[in-house]
Amino acid sequence: MRAATVRRAVGAAILLGGAVVAAVLVLFPSGWAINRLNVSIWWWLRSHSLIPDATTPEQMDAIWNIVLFVPLGLGLTLLHPRWWWAAVLVVVSVLIEGAQFLFLDQRTPEGLDIALNAAGGAIGTGVGVLVARLCEKRTTPSIDSSHG
């Protein structure tokens, strides 16, 4: 199987999984329930010394907003390696916050969420572009190998 085919298949799987998780979390009607989940995870991580004691639930929320968009940027970029996916994900984040504002009374849209989602999308896109380039370099025969 060609490396590009494998890259695209992995990208599709990452994108699908990331999109399902993102859809559930960002469109869940109860902001309180999402906050309780965040605090429960924060408490578990702190009680097992997996995060610094000074880490707050608000900081964990910010981290989750970044992490949420990394697989979206990575998956899209592995499917079709382009830097502009990062900009597309900013638009997606704005649309999500707008939908929360218009349709989900218990959710509080925030500009910071858009910035953090954008950072996650940019990280995922950057990693995806690097992986795609590495895959291309591994499958492109060098001039020396053709003179065998």
Is it fair to say TRP85 is closer than 21 Å to ALA22 by Cα, touching a residue at least 40 places away in the same chain (Cβ under 8 Å) and aromatic (Phe, Trp, Tyr)? yes
Qualifying residues in region 51-82 (those that are out of contact with any Leu (no Cβ under 6 Å at 6 or more places or on another chain) and not in a helix (DSSP H, G or I)) - the one nearest to ALA19 (Cα to Cα): HIS80
Being surrounded by 15 or more Cβ atoms within 10 Å (Cβ to Cβ), assigned to a helix (DSSP H, G or I), within 21 Å of the chain's Cα centre (by Cα) and not hydroxyl-bearing (Ser, Thr, Tyr) narrows it down to one residue among LEU130, LEU116; which is it? LEU116
How many residues, within region 36-57, are free of Cβ contacts under 8 Å to residues at least 24 places away in the same chain and either polar (S, T, N, Q) or closer than 18 Å to GLN100 by Cβ (or both)? 7
Are any of the residues in region 71-81 over 13 Å from LEU116 (Cα atoms) and either surrounded by fewer than 18 Cβ atoms within 10 Å (Cβ to Cβ) or of a type in the set (D, E, K, R) (or both)? yes
Residues ARG138, ARG107: which one is in contact with a helix residue (DSSP H, G or I) (Cβ under 7 Å, 6 or more places away or on another chain), in a helix (DSSP H, G or I) and modelled with pLDDT under 95? ARG138
As an exercise: evaluate ASN65 against (1) in contact (Cβ under 8 Å) with a residue 60 or more places away in the chain; (2) under 27 Å from SER40 (Cα atoms); (3) crowded, with 21+ Cβ neighbours inside 10 Å and give the number of the one condition it does not meet. (1)
Would you confirm, using the coordinates I've provided, whether GLU97 is assigned to a helix (DSSP H, G or I) and over 30 Å from LEU130 (Cβ atoms)? no
Top-ranked residue of region 1-28 - restricted to ones that are over 23 Å from LEU89 (Cβ atoms) and over 21 Å from the mean Cα position of the chain (by Cα), ranked as modelled with the highest pLDDT: THR5
Of everything in region 1-50, what is among the polar types (S, T, N, Q), assigned to a helix (DSSP H, G or I) and under 18 Å from LEU68 (Cβ atoms)? Give them in sequence order. ASN35, ASN38, SER40
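The values are calculated or read from the model by the stated rules, or taken from the named source; none is laboratory data. The shown structure was predicted, so the numbers you read here are calculated from the model rather than taken from an experiment. Note: ideal-geometry Cβ built from the backbone for every residue, glycine included; neighbour counts use all protein chains shown.
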